[in-house]
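Structure first, commentary second.
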């Protein structure tokens, strides 16, 4: 973290030092009262269910040296600094700005309904061919997490790649202003969090608020294959380039094919043509890779070197993660789910080369609002023609997936289970050598427990 002291924080937040030494050095920001890295400032967040002010003493016990508070007007503590602020989250934003202003590293922002983390990582890999890259730490991409990401950035890097999420209206624009971007990649518009926005068009307009992170200049790198992003590409007034597979895209993926089980394509820009091979599963990652190579080219990185670096990216845990269990395979894609990513995942399963059966295990997708059942049914309709052998759905909501698949006259077997352990036991008893099982649902459903169960048997 950039070295700052209590006095700097008081000034940035327009807070009041209730007690403590204003010269006390702060090296880290913490929102977790259970851990400290040394010289931490604890930020107690008031959540929907828990007010973290109750954990301040716990934070001190593990080594935090200071805390923000919006619930105390006075304090007598000879061992710790207490800073009174009106709102701890807004104060955290100001601290994030303070940290960002002390770093001159140019930053690329990444947002989208699906694939933000993968695209962020691919961009970082592509850039790392010739640059030292800082990237979003852990999953710190929210109004609380992004300021912490800023606090960990330093001038030791050539460029930063920052993942920016949005859960509620206004959040993306706010954290983009903290991030201070030179470029922004927009991957797609889906229906994730639609309950907070009302429509996909509203989500699209919100995605474009990432441009609030630009100063006088900024460049949007837009997925030209996404109908809504393309439609509103000029809405911000900032210049843009398009990436995708369409002929009008500035950066294109052409000749998409398979090479020894890997997706491959030709990256095209003007007269440049570069062959690319990916190590990660899924045709949808061709688009993510195209965005990454576009970002690399726009930042002066040799694209041939960037493509070689990109080949070394093999994905994340619980994101299309392939595991060998006994004599069959499990594709664990349980980190999270949206309609688009679920359809893409089953498409990956359908194209997976195997001597056995292809079995999709799907459960509920959360935060889809009043049209939840409709979106689940549409997933079923879209995967009805996939070359799989069995579909297993878990829970009442996910039964709409089965309904959609049956309505489109799918040719595979469909099973419905009330809970995940019933499904796990069925799989354990019926899986055979050469089978491939694909697991997908929102993270809160906990389908990764099926993977754990199968591996323990």
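Those strands (runs of 3 or more DSSP E) of region 1-113 in which at least 3 residues are within 20 Å of residue 175 (Cα to Cα), considering only elements entirely within it, cover 28-30, 107-111. Within region 406-423, if we keep just the residues that are crowded, with 19+ Cβ neighbours inside 10 Å and not in a helix (DSSP H, G or I), the residue that is farthest from the chain's Cα centre (by Cα) turns out to be 410.
Screening residue 426 against (1) touching a residue at least 60 places away in the same chain (Cβ under 8 Å); (2) assigned to a helix (DSSP H, G or I); (3) surrounded by fewer than 18 Cβ atoms within 10 Å (Cβ to Cβ) leaves a single unmet condition, (1).
Scanning region 286-295 turns up at least one residue that is without any contact (Cβ under 8 Å) to a residue 60 or more places away in the chain, surrounded by 22 or more Cβ atoms within 10 Å (Cβ to Cβ) and closer than 25 Å to residue 158 by Cβ. Residues being in contact (Cβ under 8 Å) with a residue 24 or more places away in the chain and over 17 Å from residue 450 (Cα atoms) are entirely absent from region 317-324.
Do we have residue 335 as assigned by TED's automatic domain parsing to the domain that holds residue 432 and out of contact with any strand residue (DSSP E or B) (no Cβ under 6 Å at 6 or more places or on another chain) here? No; evaluated as a whole, the condition is false for this residue. As for region 211-234, it holds at least one residue that is within 30 Å of residue 40 (Cβ to Cβ) and buried (at least 24 other Cβ atoms within 10 Å of the Cβ). The set of residues from region 238-280 being in a loop (DSSP other than H, G, I, E, B) and either touching a helix residue (DSSP H, G or I) at 6+ places or on another chain (Cβ under 8 Å) or surrounded by 14 or more Cβ atoms within 10 Å (Cβ to Cβ) (or both) comprises 238, 245, 249, 250, 278, 279, 280.
Of the numbered criteria (1) touching a residue at least 24 places away in the same chain (Cβ under 8 Å); (2) touching a helix residue (DSSP H, G or I) at 6+ places or on another chain (Cβ under 7 Å), the one residue 402 fails is (1). Might you let me know whether region 273-282 holds any residue that is under 19 Å from residue 226 (Cβ atoms) and in contact (Cβ under 8 Å) with a residue 60 or more places away in the chain? Yes, there is a match, as at least one residue in region 273-282 is under 19 Å from residue 226 (Cβ atoms) and in contact (Cβ under 8 Å) with a residue 60 or more places away in the chain.
The values are calculated or read from the model by the stated rules, or taken from the named source; none is laboratory data. All figures in this text were calculated on a predicted structure; none of them were measured in a lab. Cβ atoms come from the backbone with ideal geometry, glycine included; neighbour counts cover every protein chain shown.
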